[in-house]
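Quick notes on the structure that follows.
The values are calculated or read from the model by the stated rules, or taken from the named source; none is laboratory data. Bear in mind the structure is a predicted one, so any value in this text is a computation, not a measurement. Every residue, glycine among them, receives a Cβ derived from its backbone with ideal geometry; neighbour counts consider all protein chains shown.
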Amino acid sequence: MSDAPDARPDPATPADPDARPDPATPADPDARPRPATPADPDGAVSAAPPVLARVAAFASIVIAGACGGLIGYSVMDLNCGVDGCTGLASLVGALSALGAAVGVAVVAVLTLRAMGEWRATPERDRRTR
């Protein structure tokens, strides 16, 4: 093997001594992947809220939008009288659905952020505040 400047380094020895091995290629080919944990290898806790909380937030946004649309359409449909104005009632229903969904989305995002911050703050720091 020559010591030419364009020679590639040996892949068995990393260029950076502090570099970690790639987790996608385990050293043992028979090793099973470990389940995901909220902490990374350095011990830091993830600030991401749990998946169940995110699913619940999404479901509440969808439900609020549907309820807002139904309420907006119904109120406008009742106010139009016998002749009916379904086009206007549909427009008001769509705007009501959008308003309700945006309002619940704001609350859901703030709640998820607070949950993530609460989980990421160590217990000893919470006691000193």
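Brief remarks on what is shown
- Close pairs (7 angstrom Cβ cut-off, 6 or more residues apart or separate chains): touching a residue at least 60 places away in the same chain (Cβ under 8 Å) in region 98-123, of a type outside the set (D, E, K, R) and assigned to a helix (DSSP H, G or I) anywhere: 112/53; 112/57; 115/53
- Residue 98 in contact with a Lys or Arg (Cβ under 7 Å, 6 or more places away or on another chain) and either within 30 Å of residue 47 (Cβ to Cβ) or surrounded by 15 or more Cβ atoms within 10 Å (Cβ to Cβ) (or both): no
- Looking only at region 33-91, and only at residues there that are in a helix (DSSP H, G or I) and among the charged types (D, E, K, R), the one that is modelled with the lowest pLDDT: 77
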